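Just so it is clear, none of the values below were taken in a lab; they were calculated from the coordinates. Because the structure is a prediction, the values reported are computed rather than measured. Virtual Cβ from ideal backbone geometry, glycine too; neighbours counted across all protein chains shown.
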Amino acid sequence: MIPKPEFIQSEIHTSIFDGIKDDLLTGGFGKSGLMTAKEPAFSDADNPHGAELRSAAIYYDYRGLMDMSQGGGYGLFFGPGVNPDGSFRKDEGKIAGKEYLAFADEGRGQQNVTLMLQIPENFDPENPCIIATASSGSRGIYGAVGVVGEWALRRGFAVAYTDKGTGTGIHDLHSDTVSILRGQRQDAASAGQNAHFRADADSEEFRNKYPFRIAVKHAHSRQNPEKDWGKNVLQAIAFAFYILNLPENFGRAEPENEDKALIRPENTPVIAAGISNGGSAVLRAAEQDSKGLIRGVVASEPNICPRPMEKLIIRQGDKIWKYPNHSRNLLDYHSLLSLYQPCANLSPELRDTAPLNVLDEELCKNRCRFLAERGLLTSSLPEDQAKEAQKIINDYGILEEQNRIQPAHYNLCVSESIALTYANAYGQFSPADNLAGFSFAGYGDDLRPAPLNKAQLAAFFCKSAGIPPMPPCPVTEEQWETLARLNPKLSRPLLPLGEIEIINNESESGPMVNRYSVSGTGVQDMNSEGAMRLRRLAAGKDEKGNPLQGEEKIQYERIQEGIAAVRASGNLRGLPVIIFHGRSDAILPPNHSSRPYLGLNRMTEGENSGLRYYEILNAHHMDAFNILPGFASLFVPIHYYMIHSLDLMLAHLKKRKELPPDQLVRTVPRGSREDGSIPPITKENVPDISETPVPEDRILFLDHTLIIPE
């Protein structure tokens, strides 16, 4: 019998799904329901049941990560309606089985990392397999169901999940309510150690000074959760073996009244797979797997922070990157993007061609002006300043292939939210620290902090991606009137805000939504000073190049200590591993993640390395964007290569088939027809990873140099 792991400190919640009314994969929606834009409804919007929150979470996570259009590949190459062999199902693709949920914790309720095991009804104990995964970004426990769980459940494999200590933990400091294991909300006192997350900055003094603020688990848990992502994946695997061997599952009762473990590490291959932060988590788990539980790894666009190797050189065609313009940490490059990208949005090559480059031109010009006044740009005309800002970004190791996507990401606050969240997380700051003058809150018609209602709070478990701004909501007429009064020249916003927003605590006339706040000089420049302060905390110096002093120096050192704790070793001990990455990834640039990790691994393991790296042209980080105008014609779904890579890994482990060599995969964008419509995707758009790539597509590592084809 496998004993209950000591880290399981909570109740273990069990659900059984018949595959008709509800199921493991689709939350009862089926392939058709997931595709529809009709949002889930709760029987009581203020107090939804745990089962309702679960189904809605699966719905929103599918749609938040995937292109759900048929033209983009849903129902053709992936989705519940596609069988493992690529044939189409006639039913809705629902999968019956059991689901187990629990918290992993040290005993005080301060970590409460969510673990989940799904066991499909057709799991074969005579031929067992476990797929271990972690949610991407800061998503909740159901964040990996559609991107990894789908592949596994359709094959009858058990799936072990973790939210890796980030999840969607929201502590509303105004109402003093938190979420518990299955997502329902309770007041913090009654939830106690069962709270998914409870901040330590909920004093009356803080609430009075900063009313209506929100604490977010990833940013404010004071745990630096990223340092434990690998451990969390290994915990999920241990939890899976324990649950699978319970008598109610596949444990066998022996004559001595003891239970015998049937599903054991030695007879059960474990493949660890994940995307983005989940990709980093499975790589870190493989590095830390001293018991040899994991047999293979598949990581898509991983947020891996490799230990820098100063000897490493990365070459793509005639472009060369030497350290420190590779292997930079996430906070470093996103704080740079948060500062410079709005100015770069005005560059001629992006202004009219980049999708969703719709941010107000005056706001962008004001940012350019701020950078010039601080001596960070030398040009005087806005167009020249934009070109200069773009050059600074690309000189920092950001690929030119990413330029066209960056405006959309900035306009949706991606870099701002990442920089702020990770600065707080790495430095283990609390909400009360108001790092760099920022906080999180709901807001009213005047765009100033305001209380959230019960229905909004209740839905965050399923609707939020874990870090503000979240979830998206349109700008109302009343809010637009507020903006028009602040600045009559401002163009009407074309993109949504979040129900919880980033707040500039130091806006001219009081705290306000950061994007439209007013600086101390009376200028709307999207809080340039706040972006500059975050940049200083990432770089360790001010805009003049002087070392930081006083409180900023202390904060910088705390952040650097946190970053050091998440650096990856690159030592995979010869384990078979596939990493693939879209060259156009504008959230996790290849030069600062997968490429240097490959180089580090080869310099660490040499000929013993089992790592294979595939770089995908015309693919970026967020497939869900591909349904939008301007994206559909330019980019292919990177998710297709998750399915393909998992197939390759399974064949390698089960049939000893060699993994294809490192290579560039030359995909073909769908383009557009004469009438502007986008043709549906075909197999020609997403060629398979080749077993024998032509020489000009081979990725090579020679004499400390990683050579990537152009």
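Remarks
- A cut-off of 5 Å between modelled amide H atoms, ignoring neighbours fewer than 5 places along the same chain, links VAL298 with ALA272, ALA273, GLY274, ILE578.
- Relative contact order %, the chain, counting alpha carbon pairs below 8 Å whose residues are six or more apart: 15
- For region 378-484, the Cβ-based charge dipole about the Cα centre amounts to some 440 debye (Lys, Arg positive; Asp, Glu negative; other atoms uncharged).
- P(r) tail fraction, region 490-552 - alpha-carbon pairs more than 20 Å apart, %: 41
- Its Cα gyration tensor gives region 142-254 an equivalent ellipsoid, and the semi-axes of that ellipsoid, as √(5λ) in whole Å with the largest first, are 35, 16, 13.
- Region 34-163: C-alpha gyration tensor shape, a/c 1.5 cut-off, then a/b vs b/c: oblate
- Rg/Rg_ref, region 325-415, where Rg_ref = 2.2 N^0.38 Å and atoms are Cα: 0.98
- Cα-based shape type of region 143-190, given that a ≥ b ≥ c are square roots of the gyration tensor eigenvalues and the cut on a/c is 1.5: prolate
- Residues in region 224-238 reached by a label modelled at GLN110 [backbone nitrogen below 17 Å; 7 Å Cα→Cβ]: 224-229
- Projected-area average for region 580-701 over all orientations - Cα convex hull basis, square nanometres: 8.5
- Spin-label model distance (nm) - GLU349 vs ASP46, 7 Å beyond Cα toward Cβ: 5.6
- Positive dipole terminus of region 574-678, leading residue within SER584, MET649, GLN663 (C-beta point charges): MET649
- Nearby lysines by direct alpha-carbon distance to LYS544 (threshold 25 angstrom, same-chain neighbours under 8 apart not counted): LYS322, LYS365, LYS387, LYS391, LYS553
- Think of it this way: in the chain, CYS129, CYS305, CYS364, CYS413, CYS462, CYS473 stand alone, with no other Cys Cβ under 4.7 Å.
- Distance between region 270-307 and region 416-460 - C-alpha centres, whole angstrom: 30
- Footprinting exposure proxy ranking of LEU420, LEU234, fewest other C-beta atoms within 10 angstrom first, gives LEU234, LEU420.
- Taking only the alpha carbons of region 90-182, we obtain Rg and Dmax values of 15.2, 53 Å in that order.
- Cα-based reach from LYS231 at 24 Å (exclusive), listing lysines while leaving out same-chain residues under 8 positions away: LYS4, LYS164, LYS217, LYS291
- Listed from fewest to most Cβ neighbours within 10 Å, the set SER507, SER87 follows the order SER87, SER507.
- Couplings for region 602-611, taken from phi via the Karplus curve 6.51 cos²θ - 1.76 cosθ + 1.60 with θ = phi - 60°, read 5, 6, 8, 9, x, 5, 7, 5, x, 7 Hz in order; Gly and Pro are left as x.
- Here each label is just a point 7 Å from Cα along the line to Cβ, and for THR476 and ALA37 those points are 2.2 nm apart.
- For region 416-421, Karplus couplings with θ = phi - 60° (6.51, -1.76, 1.60), whole Hz, Gly/Pro x: 4, 5, 5, 4, 5, 4
- Residue order, fewest to most beta carbons within 10 Å, for LYS31, LYS541: LYS541, LYS31
- If R0 is taken as 60 Å, the Cβ-Cβ distance between LYS489 and VAL694 corresponds to a FRET efficiency of 0.65.
- Adding -39500 (n - 2.57) for every DSSP H run of four residues or longer, then dividing by how many residues the chain holds, sets the calculated 222 nm ellipticity at -9000 deg cm²/dmol.
- Rounded to the nearest 20 debye, the dipole magnitude of the chain is 980 debye, with +1 charges on Lys and Arg beta carbons, -1 on Asp and Glu beta carbons, and the Cα centre as origin.
- A simple charge model with +1 on the Cβ of Lys and Arg, -1 on the Cβ of Asp and Glu and nothing else charged puts the dipole of region 317-381 at about 280 debye relative to its Cα centre.
- Across region 270-424, the mean sequence separation of Cα contacts (distance under 8 Å, 6 or more residues apart), normalised by length, yields a relative contact order of 22 percent.
- Equivalent ellipsoid dimensions for the chain as semi-axes, Å, which come from the Cα gyration tensor, largest first: 37, 31, 25
- Ranking LEU173, ALA432, ALA354 by Cα position along the charge dipole of the chain, where only Lys, Arg, Asp and Glu carry charges on their C-beta atoms, puts ALA354 farthest toward the positive end.
- Residue-by-residue Karplus 3J(HN,Hα) for region 391-396, coefficients 6.51, -1.76, 1.60, Hz, glycine and proline x: 5, 4, 4, 5, 5, 8
- Extreme residue, positive dipole direction of region 46-127, given options ASN112, PRO84, TYR74 (C-beta unit charges): TYR74
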